[in-house]
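Chemist: One structure follows; several queries about it will come next.
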């Protein structure tokens, strides 16, 4: 196979706030995003993406090697289209015969087309054209999971942590360690990159799942890691208690207790405090003792207010979902099943925070307010924070944030009116 394209279907809107600044197929689950997993397994494939129009400029800037929303590229010849919210073992996708559609139940997971004249960006985003083509050709059922909401990433994470560990190539044995680093379980279930630095008095517990510690990771003494777990490149752990089912992307600074959570990358939770069954987007900073609840006192299933609308999760354990560039102050307390938007500022009032904080708001003295100095001051703060990690807020990303600010105005005003 020479060409593959990842697309979002109309359910992408259900992944707010996590997918407000990125396609669904770039959300982390296991060691990789869905797109990264396929591309890393089949690295010689030419690839493209069909994303919401507002994401196209910034995504193309971040991935210059990809053909983003390019109709001429889509129509050049045979191609495999992959639904970005369907987690499928890549071998199944790449085994698809031409003119065959792969389904998980009633959801189209992928389609291998030998002729693509009918494909356009608009047709794929609207969905009906692709579904019509898929229903008219050969079909096969594949095993996998259809992601519908943010909490599905958390429930699937342990499975994909194990699968990714088994599929990735790795040298036999592990890097030589200080004798005071304890490994529980089989050493074959632990990979530690040779560039990683581990202090003495660290426990790596692989009895219930594998642990992968990537390049240039730094782990401080008195840290405990339970598998399955993935510690991404250049991430640092400070006296952390990492419970099973965690994925940490690159360049994070993490401490305290973290359980069954995904930290996408470039995020800080340096201090003590609990994070459980949660997803944290890039450039988030969780202040000291920031803590979330992930279980209700009556053990009932949790509902989550995505974009302000309460959605039943069907799960008893659901934490919080925090959008990019949000900052929390000392002692912030998140309720079970909270949704926090992009570029929010949280200044706690000594009690549980509202479960829904829209993008570009400040929680201050018990009320939800617009950002005090508008979006411009938050853009300046983002630029400072990103420069500390040798990154910059590009003009394309700034335009995306400005666009998002306008598109979330109604949601913001509705939430503000409730607390006036």
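The values are calculated or read from the model by the stated rules, or taken from the named source; none is laboratory data. Being a predicted model, the structure only gives us computed values, none of them experimental. Note: ideal-geometry Cβ built from the backbone for every residue, glycine included; neighbour counts use all protein chains shown.
Chemist: Could you check how many residues of region 260-269 are crowded, with 24+ Cβ neighbours inside 10 Å and either outside the structural domain of residue 161 (by TED's automatic domain parsing) or assigned to a strand (DSSP E or B) (or both)?
Modeler: Summing the residues that are crowded, with 24+ Cβ neighbours inside 10 Å and either outside the structural domain of residue 161 (by TED's automatic domain parsing) or assigned to a strand (DSSP E or B) (or both) in region 260-269 gives 3.
Chemist: Which of the helices (runs of 4 or more DSSP H) contained wholly in region 1-96 include at least 1 residues that are within 23 Å of residue 169 (Cβ to Cβ) and within 17 Å of the chain's Cα centre (by Cα)?
Modeler: 34-41
For every residue, the table says whether it meets (1) within 18 Å of residue 17 (Cα to Cα); (2) in contact with a strand residue (DSSP E or B) (Cβ under 9 Å, 6 or more places away or on another chain); (3) surrounded by 15 or more Cβ atoms within 10 Å (Cβ to Cβ).
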position: 299; (1), (2), (3): no, no, no
position: 347; (1), (2), (3): no, yes, yes
position: 358; (1), (2), (3): yes, yes, yes
position: 390; (1), (2), (3): no, no, no
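Chemist: Turning to a different aspect of this structure: Which of the numbered conditions does residue 79 fail, given that it passes all the others? Conditions: (1) buried (at least 22 other Cβ atoms within 10 Å of the Cβ); (2) at pLDDT 95 or above; (3) in contact with a strand residue (DSSP E or B) (Cβ under 9 Å, 6 or more places away or on another chain).
Modeler: So residue 79 meets the others, but not (2).
Chemist: Would you pick out the residues in region 283-318 that are in a loop (DSSP other than H, G, I, E, B) and in contact with a helix residue (DSSP H, G or I) (Cβ under 9 Å, 6 or more places away or on another chain)?
Modeler: Passing the criteria: 283, 302, 307, 308, 313, 314, 315, 318.
Chemist: Okay, moving on. Which condition breaks for residue 61 when tested against (1) surrounded by 17 or more Cβ atoms within 10 Å (Cβ to Cβ); (2) touching a helix residue (DSSP H, G or I) at 6+ places or on another chain (Cβ under 6 Å)?
Modeler: Failed condition: (1).
Chemist: Within region 317-342, which residues are on the phi > 0 side of the Ramachandran plot and either surrounded by 24 or more Cβ atoms within 10 Å (Cβ to Cβ) or not assigned by TED's automatic domain parsing to the domain that holds residue 264 (or both)?
Modeler: Scanning region 317-342 gives 325, 337.
Chemist: Would you be able to say whether some residue in region 350-360 is assigned to a strand (DSSP E or B) and modelled with pLDDT of 90 or more?
Modeler: yes
Chemist: Filter region 369-420 down to residues that are part of a helix (DSSP H, G or I) and farther than 17 Å from residue 285 by Cα, then give me how many there are.
Modeler: 27
Chemist: Is it the case, given these coordinates, that residue 179 is part of a helix (DSSP H, G or I), in the same structural domain as residue 314 (by TED's automatic domain parsing) and over 30 Å from residue 77 (Cβ atoms)?
Modeler: Considered against the rule, which asks whether it is part of a helix (DSSP H, G or I), in the same structural domain as residue 314 (by TED's automatic domain parsing) and over 30 Å from residue 77 (Cβ atoms), residue 179 comes out as no.
Chemist: May I pose another question? Is it the case that residue 127 is at pLDDT below 95, over 30 Å from residue 54 (Cα atoms) and assigned by TED's automatic domain parsing to the domain that holds residue 42?
Modeler: no
Chemist: In addition: Please count how many residues of region 270-295 are under 16 Å from the mean Cα position of the chain (by Cα) and either assigned by TED's automatic domain parsing to the domain that holds residue 17 or within 23 Å of residue 227 (Cβ to Cβ) (or both).
Modeler: Here the count works out to 6.
Chemist: Evaluate the following for residue 152: is it assigned to a helix (DSSP H, G or I), in contact with a strand residue (DSSP E or B) (Cβ under 8 Å, 6 or more places away or on another chain) and without any contact (Cβ under 8 Å) to a residue 60 or more places away in the chain?
Modeler: yes
Chemist: Can you give me the number of residues within region 175-218 that are surrounded by fewer than 20 Cβ atoms within 10 Å (Cβ to Cβ) and touching a helix residue (DSSP H, G or I) at 6+ places or on another chain (Cβ under 7 Å)?
Modeler: So the count comes out to 1.
Chemist: Could you figure out which of (1) under 21 Å from residue 15 (Cα atoms); (2) out of contact with any strand residue (DSSP E or B) (no Cβ under 7 Å at 6 or more places or on another chain) isn't true of residue 289?
Modeler: For residue 289, the exception is condition (1).
Chemist: Also, I was wondering about something else. Name the strands (runs of 3 or more DSSP E) wholly within region 202-259 that hold at least 1 residues that are farther than 16 Å from residue 181 by Cβ and modelled with pLDDT under 95?
Modeler: Passing ranges: none, list empty.
Okay, residues lined up against (1) over 26 Å from residue 149 (Cβ atoms); (2) without any contact (Cβ under 8 Å) to a residue 12 or more places away in the chain; (3) surrounded by fewer than 18 Cβ atoms within 10 Å (Cβ to Cβ):
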position: 9; (1), (2), (3): no, no, no
position: 19; (1), (2), (3): no, yes, no
position: 28; (1), (2), (3): no, no, no
position: 32; (1), (2), (3): no, no, no
position: 38; (1), (2), (3): no, no, no
position: 50; (1), (2), (3): no, no, no
position: 71; (1), (2), (3): yes, no, yes
position: 85; (1), (2), (3): no, no, no
